[in-house]
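This report refers to the structure that appears directly beneath it.
FYI, it's all coordinate maths here, none of it is from the lab. Given the structure is predicted, the values throughout are model-derived calculations rather than measurements. Virtual Cβ from ideal backbone geometry, glycine too; neighbours counted across all protein chains shown.
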Protein chains: 2
Amino acid sequence: MKPFENLSELLADDLNAVNTLITERMTSKHAPRIPEVSAHLVQAGGKRLRPLLTLASARMCGYDGPFHVHLAATVEFIHTATLLHDDVVDESDMRRGRRTANLLWDNKSSILVGDYLFARSFQLMVETGSLRVLDILANASATIAEGEVLQLTTAQDTNTTEDVYFQVIRGKTAALFAAATEVGGVIASAPENVVAALNTYGDALGVSFQIVDDLLDYGGAGEALGKNIGDDFRERKLTLPVIKAIAKANEDERAFWDRTIAKGNQQDGDLEHAIELLQAHGTLEETRDAAISWGNKARSALDVLPQSRIRDLLGELADFVVNRAV
Amino acid sequence: MKPFENLSELLADDLNAVNTLITERMTSKHAPRIPEVSAHLVQAGGKRLRPLLTLASARMCGYDGPFHVHLAATVEFIHTATLLHDDVVDESDMRRGRRTANLLWDNKSSILVGDYLFARSFQLMVETGSLRVLDILANASATIAEGEVLQLTTAQDTNTTEDVYFQVIRGKTAALFAAATEVGGVIASAPENVVAALNTYGDALGVSFQIVDDLLDYGGAGEALGKNIGDDFRERKLTLPVIKAIAKANEDERAFWDRTIAKGNQQDGDLEHAIELLQAHGTLEETRDAAISWGNKARSALDVLPQSRIRDLLGELADFVVNRAV
């Protein structure tokens, strides 16, 4: 069984409590459109990875109060709100195998229901009574939005550096992973070095998770053939394999990236040629190595914690996230 | 001089501190698009009405700490974030006499920068260290978003009742007014009856403010000819003068509202005919009377406070808001 499923089983009661709280709080007294849109996304078989990280962190640190459930629901609401807004921004039509809310209802509903869920997440954290938790999640929220804006303004820019790429993915992905694990430790009143380790774990896990996602979008570095590859290429996103390949490009190759990514003039066979270039320069392997290195960083951050079943599973999770790409 | 200008003059130092803080906090280390979009709206001569209400409430209650400035900036950021999202939802092209951000940049930037400003507002409130303030503003944020969704789903519905209208305007307008004044009292550790009075004042002021706005969109109830009238009619919004007129409509009139508002089939002369119907049924006067009654409620809520220059000006402000419509 995968470490993620083992964790879900180990924390099944907590996870049920989170799902109950989520269902309860995504309602609205006056506007039935809100639970309709929320339910479409929240109940569409999302993996609940982020809330699970919060539950696991809190339990691993010995927490036995009620508020890790609130924080896990908070994190899922923030995630759902950003997905609703992302799908409008990216003009996406599919998410988790279903048509997106912006398509089924409209952009307006996705924007406003996203705002509502963000406000609801904020109410949930206030209920924990922890100003430190509020501080962490307020900062994470700002970093997420900043990463999304940065991604928007650097899209199609073939001069994007690896530094900018890492700023984007730290914002759009790692910030919420890091906050999810850190608040678990904070609510459990864990020692400072443990709280810091949980932040490092979540951050590194999030970075490796996103690198692997971006790698899989070009088919990965291994033998396995990916499904749905090429979305990032078609959307002209500057992800790590491409940034690395552009840095090594000769004149002809530069012209290819300029035409397909900067100018967006794509023809049949371009995706295949792009993948050939990534393979020729070895950037898929380099990207996989970066993911492995971040995965290792995540796993070793847990060393300050005493051995436990949850700690082992979180360590395995870091390996599993990376192994998707190998 | 208008009470609003008198208040601004009386609280000029505080207001300058708010403007400095706003400018400081709307920056972003990594994404220059953020301050560009924010500055376009924040510095475009908004009236700073909501932050002024927070400053006035705190000072009236004897506050002399630094955090009323944070709360005033918080309230302005929340307001700005909702304007950015509203303009996308309403597909607006003008705001405060300038082209809207969604037009000058794009919808994506407006959505994501709005999210960023909301997160920044959240950081500012956390800095005050007051969980009660956080609770009030979290609830207000949820109520605002709920009101916006309700407005969206009841638009063009000629069966909309006055109850639903009041729920919408309490959400989209009064919730932030009420939170703005209430947190001023809370940060000043005002007695409970004063905090409650400040909430009532802000709520009633916000309700009368929005009723008057909706009335002015049909030219008001007095002699003065409004500018830019007819926006709500063209956008097929169900506002108080129209809801009241539909309730009194005969068969022909019902058919007219059905064609123009429900079906959106509008022709030259329809706006003029709509205004004739509102005048014939006296609903502009009735709407004005409703605004007056809410204005009176706002003014008399202040009676529990000791007489002061600020209290007098807040009372005059309630009258002034209503008198725009007479």
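Label point of residue A:266 (7 Å along Cα→beta-carbon): distances to the other copies' equivalent points are 4.0 nm, sorted ascending. Give, to the nearest whole percent, the P(r) tail of the stretch A:1-152 beyond 18 angstrom, counting all Cα pairs. Value for the stretch A:1-152 (Cα pairs over 18 Å): 58 percent.
The other copies place their residue B:307 label points at 7.9 nm from this one, listed shortest first, where each point is 7 Å from Cα along Cα→Cβ. Size estimate for the stretch A:3-323 follows the Kirkwood approach: the inverse of mean 1/r over distinct Cα pairs works out to 20.4 Å.
Among the trypsin sites (Lys or Arg not before Pro) within the stretch A:87-147, those in coil by DSSP and having at most 13 neighbouring Cβ atoms inside 10 Å are A:96.
Past the 31 Å Cα-Cα mark, which pairs from B:2/B:172; A:2/A:29; A:2/A:172? Walk me through the numbers before you get to the answer.
Working: B:2/B:172 25 Å; A:2/A:29 40 Å; A:2/A:172 25 Å.
Among B:2/B:172; A:2/A:29; A:2/A:172, the Cα-Cα distance tops 31 Å for A:2/A:29.
By how many degrees, 0 to 90 and rounded to 10, does the Cα axis of helix B:192-216 deviate from the longest principal axis of chain B? Tilt relative to chain B: about 40 degrees. Projecting the Cα atoms of A:43, A:238, A:261 onto the charge dipole of the stretch A:3-323 (Cβ charges, centred on the Cα centre) puts A:43 farthest toward the positive pole. Work out, in µm²/s and without decimals, the Stokes-Einstein translational diffusion coefficient of the protein assembly as shown at 25 °C, 0.890 mPa s, Rh from Kirkwood over C-alpha pairs. The calculation lands on 93 µm²/s. Rg over Rh for the stretch A:162-259 works out to 1.13, using Cα positions for both radii and the Kirkwood form for Rh.
Once the Cβ-Cβ distance between residue A:91 and residue B:189 is put in as r, and R0 is 45 Å, what FRET efficiency do you end up with, to the nearest 0.05? Don't skip to the answer; put the middle values down first.
Working: r = 49 Å, r/R0 = 1.09.
Here the calculated transfer efficiency is 0.35.
Once the gyration tensor of the Cα atoms in the stretch B:243-326 is diagonalised, the equivalent ellipsoid follows with semi-axes of 38, 12, 10 Å, ordered largest first.
Evaluate the charge dipole of the stretch B:1-56 about its Cα centre and quote only its size in Debye, nearest 20, assuming +1 on the Cβ of each Lys and Arg and -1 on the Cβ of each Asp and Glu. If you can, show how the numbers build up before the last one.
Working: 7 positive and 6 negative charges, 58 e Å.
Magnitude of the dipole: close to 280 debye.
Were the residues from residue B:280 through residue B:12 laid out at 0.36 nm apart, the gain over their Cα-Cα distance would be 91.9 nm. Backbone geometry of the stretch B:60-71 corresponds, through the Karplus equation with coefficients 6.51, -1.76 and 1.60 at θ = phi - 60°, to 3J(HN,Hα) couplings of 4, 8, x, 5, 10, x, x, 7, 4, 5, 4, 5 Hz, x marking Gly and Pro. Set against the 2.2 N^0.38 Å expectation for a compact globular protein, the stretch A:40-116 has a Cα radius of gyration ratio of 1.26.
Looking at the stretch B:159-230, the trypsin sites (Lys or Arg not before Pro) that sit in a DSSP loop and have at most 16 other Cβ atoms within 10 Å of their own Cβ are B:227. Over all projection directions, the Cα-based convex hull of the stretch B:84-175 averages an area of 7.1 nm². Once the Cα-Cα distance is subtracted from the 0.36 nm per residue extended length, the residue B:64 to residue B:104 segment shows a gain of 10.3 nm.
Annotation: Cα Rg of the stretch A:1-56 relative to the compact-globule expectation 2.2 N^0.38 Å equals 1.28.
Work out the charge dipole of the stretch B:104-171 with +1 on the Cβ of Lys and Arg and -1 on the Cβ of Asp and Glu about the Cα centre, then indicate which of B:112, B:153, B:130 is farthest towards its positive end. Checked the options; the winner is B:130.
Among the residues of A:118-127, the average count of other protein chain beta-carbon atoms within 10 Å of the residue beta-carbon is 6. Here the ratio of the Cα radius of gyration of the stretch A:271-320 to 2.2 N^0.38 Å is 1.63. Full extension of the segment from residue B:312 to residue B:255, taken as 0.36 nm per residue of separation minus the current Cα-Cα distance, would add 15.7 nm. Residues B:116, A:63 in ascending order of nearby Cβ atoms (within 10 Å, fewest first): A:63, B:116. Within the listed set A:144, A:275, A:211, the Gaussian network model of chain A (springs between alpha-carbon atoms below 10 Å) gives the highest mean-square fluctuation for A:275. Sparse packing (at most 15 other Cβ atoms within 10 Å of the Cβ) combined with a DSSP loop state is found for the following trypsin sites (Lys or Arg not before Pro) in the stretch A:1-72: A:29, A:47.
Projecting the Cα atoms of B:273, B:317, B:291 onto the dipole axis of the stretch B:265-326, where Lys and Arg carry +1 and Asp and Glu carry -1 at the beta carbon, places B:317 farthest toward the positive end.
Placing pseudo-labels 7 Å out from each Cα toward the beta carbon at residue B:163 and residue A:272 gives an inter-label distance of 6.4 nm.
For the stretch B:3-323, the Cβ-based charge dipole about the Cα centre amounts to some 900 debye (Lys, Arg positive; Asp, Glu negative; other atoms uncharged).
The stretch B:146-217 and the stretch B:100-125 have Cα centres lying 22 Å from one another.
Counting lysine pairs in the stretch A:206-326 whose alpha carbons fall under 27 angstrom apart, excluding pairs fewer than 8 residues apart on the same chain, gives 9.
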